[in-house]
Amino acid sequence: MRPRDVNLLATAAVSASLIFVPLWADRLRASTEQLGFIVAAYNGSVLVASYVFGRAADIHGSRWILQAGLGLGAIAALLQIVAGNPVSALVTRAFLGFCVGMYPPALLAVAHSEDRMMGAYSAWGSLGWAGGTFLAGFSDLIAPGDTTPVFVLSAVLFVAAFLVSRRTPSGIAGTLSIPLFPVDLIRRNLPIYLTMLIRHTGANMVWVIFPLYMRDVLRMSGFEIGIAYALNPLVQFVVMARLGRFRSTVLVGVGLVASAATFVSFTLARNFVEILLTQVFLGFAWATLYVGALQFIVDRNRETATAGGILSSVLSISSIVGPIAGGVLAFGRNYIIPMYAAAAMSGIALITYWIQLRVAPAPPRAPAARSGD
């Protein structure tokens, strides 16, 4: 089994159901404030599961956690079909978030055991994101306004990822002793944790309202929204595969500057073509930032699953706070304010990153030389 294959299918499953959540919630008569809480419930579940199962993967082994998360994800994706109001939408999304939080730290540990270069591994995840969003947009073109085919598609992709993951080597077992609250590990990785928390909180202020912005302000169809969302990860796929020779510190810095510029560019777009251009900028920004963050984790930690799980939890915290703040800032459907706020927070994250790099504890000796990408 190649970890990147599982990453491709699982990420496609997540993105297929994620893209239309704001529009789905809107059809269930959820307000922008309720939408923020629906998204926050999903990410809160990801937060808890990422930390708990990331640590468990380092201690007890990755294989069973990986397969359990994927299998349960298929069930959770289907349960979204029965949601008929904002409350049931929140419950089903929370369950799916728990499943989605289980498998990534375990999969990262598997990937680390085979290839410590994160470029190709991340690139295939971005390709999955593009495929999932494109298929979701295509299903909306065939059946406008009906999210049932999208949720079925998500479940099928989870099942496919589960079947591929069954070929995970059984020898990948946990051998580390990790405290319940690993203070030293958190201090060692604080530069990237704080940076991603600030930047991603700002980003999630935008993502919670972005589909509504494209629909209400730019008058884009569901198919056009799907195309726009698919272009971003396609750019990530191209860029990520070529980042192996760059240091993580350089990648993170470039990603933060590009993020600030991208969020401002959203406010300047006036039509479908201009939105596509902003997605190219966004793809480059996230590719450099995310690969830099993963490489930072891999280079500094033997406890890859735990460190990666905490990173996922940090992103989930930002995905809880961000949507709620974005929903409040967008009160009255004022979609521009969250975009400027996100740009400012990317600048704050850049300053925080460089300060923290100078005060963080030195990493332990690297475990081994890494192989080529």
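The values are calculated or read from the model by the stated rules, or taken from the named source; none is laboratory data. Since the model is a prediction, treat every value here as computed from it, not as a measurement. Counting neighbours? That spans all protein chains shown, and the Cβs are built from the backbone with ideal geometry, glycine included. Ligands, DNA and RNA are stripped out before the accessible areas are found, and what is left, the full protein with its side chains, is counted by its heavy atoms. Shrake-Rupley method; radii C 1.70, N 1.55, O 1.52, S 1.80 Å.
Overview of values
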| item | result |
| --- | --- |
| Some residue of the range 58-67 being surrounded by fewer than 22 Cβ atoms within 10 Å (Cβ to Cβ), over 18 Å from residue 306 (Cα atoms), over 18 Å from the mean Cα position of the chain (by Cα) and among the small types (Gly, Ala, Ser) | no |
| From 57, 40, residue being hydrophobic (A, V, I, L, M, F, W, C), assigned to a helix (DSSP H, G or I), modelled with pLDDT under 85 and within 16 Å of residue 182 (Cα to Cα) | 57 |
| Residue check, residue 293 in contact with a helix residue (DSSP H, G or I) (Cβ under 9 Å, 6 or more places away or on another chain), surrounded by fewer than 22 Cβ atoms within 10 Å (Cβ to Cβ) and within 25 Å of residue 353 (Cα to Cα) | no |
| Residue, farthest from residue 126 (Cα to Cα), within the range 268-290, restricted to residues that are among the β-branched types (Val, Ile, Thr) and open to solvent by 10 Å² or more (accessible area, probe 1.4 Å) | 273 |
| Residues located in the range 33-44, provided they are of a type outside the set (A, V, I, L, M) and surrounded by fewer than 23 Cβ atoms within 10 Å (Cβ to Cβ) | 33, 34, 37, 44 |
| Top-ranked residue in the range 204-248 [being outside any helix (DSSP H, G or I) and either in contact with a Leu (Cβ under 9 Å, 6 or more places away or on another chain) or of a type in the set (S, T, N, Q) (or both); ranked as nearest to residue 149 (Cα to Cα)] | 221 |
| Residue match in the range 357-371 (condition: within 30 Å of residue 103 (Cβ to Cβ), touching a helix residue (DSSP H, G or I) at 6+ places or on another chain (Cβ under 9 Å) and not in a loop (DSSP other than H, G, I, E, B)) | no |
| Test: residue in the range 209-219 that is of a type in the set (Lys, Arg) and surrounded by fewer than 23 Cβ atoms within 10 Å (Cβ to Cβ) | yes |
| Exclusive hit being more than 25 Å from residue 108 (Cα to Cα) and modelled with pLDDT of 85 or more, set 310, 348, 324 | 348 |
| Pairs, first within 21 Å of residue 308 (Cβ to Cβ) and free of Cβ contacts under 8 Å to residues at least 40 places away in the same chain in the range 278-293, second open to solvent by less than 10 Å² (accessible area, probe 1.4 Å) and not in a helix (DSSP H, G or I), C-beta under 7 Å, six or more apart | none |
| Qualifying residue in the range 13-23 (condition: small (Gly, Ala, Ser) and surrounded by fewer than 21 Cβ atoms within 10 Å (Cβ to Cβ)) | no |
| Looking only at the range 169-201, and only at residues there that are modelled with pLDDT under 70 and more than 15 Å from residue 56 (Cα to Cα), the one that is surrounded by the most Cβ atoms within 10 Å (Cβ to Cβ) | 169 |
| Qualifying residues in the range 312-356 (those that are outside any helix (DSSP H, G or I) and of a type in the set (A, V, I, L, M, F, W, C)) - the one most open to solvent (accessible area, probe 1.4 Å) | 331 |
| Residue selected from the range 257-267 under the condition over 16 Å from the mean Cα position of the chain (by Cα) and not aromatic (Phe, Trp, Tyr), by the criterion most open to solvent (accessible area, probe 1.4 Å) | 257 |
